[in-house]
Amino acid sequence: MEIGIEAEFAALFVVAALGSSFFDKFETETPAVRKLARWTLAATLTIGAYAWIGHWALAVLAGFALLGALTHVIWCRTNGIHPLTAEPRLRYYELRGWKWPER
């Protein structure tokens, strides 16, 4: 049995599910359209990479995930934000340009 692009989409789905579960605190105020555009771009890149290099597209997907994680950690550390907890929260909201929720 030959596996087609299903493996790439399964990996993309796992990344999306785990990523949104673990890192949703970093995207609380991000518009849904932007999130949808990000995942549409990821799916498009995955399809393009699969057509070009076959199952090595999984390596491209992993590379982009690693690059995104590295960029995130560097940005957080540079701006005094903890990369796993997004604390201090007020500072994080200010840096993202989000309005702090009134209590």
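Quick note: the coordinates plus some simple rules give every number you see, no bench work behind them. Since the model is a prediction, treat every value here as computed from it, not as a measurement. In this analysis, Cβ positions are derived from the backbone assuming ideal geometry, glycine residues included, and neighbour counts consider all displayed protein chains.
Shown for Val60, Val14: other C-beta atoms within 10 Å of each C-beta, ranked fewest to most, produce the order Val14, Val60.
Here the label points at Leu67 and Leu84, each 7 Å from Cα along the C-beta direction, are separated by 2.6 nm in the simple model. Fully extending the segment from Glu6 to Arg96, taken as 0.36 nm per residue of separation minus the present Cα-Cα distance, adds 28.9 nm.
Quick check: residue separation of Ala43 and Ser21 times 0.36 nm, minus the Cα distance between them. What number comes out in nm?
Values: separation 22, 0.36 × 22 = 7.92 nm, distance 1.87 nm.
Length gained between Ala43 and Ser21: 6.0 nm.
FRET efficiency for the Ile53 to Glu29 pair, using the beta carbon distance and R₀ = 35 Å, is estimated at 0.45.
In sequence order, the range 89-99 has phi-based couplings of 4, 4, 4, 4, 4, 4, 5, 7, x, 8, 7 Hz under the Karplus curve 6.51 cos²θ - 1.76 cosθ + 1.60, θ = phi - 60°, and Gly or Pro positions carry x. Treating the range 6-96 as a set of equal point scatterers at the Cα positions, no solvent, please give the Debye-formula log₁₀ I(q)/I(0) at q = 0.24, 0.25, 0.26 Å⁻¹. Those come out to -1.25, -1.30, -1.35, one per q.
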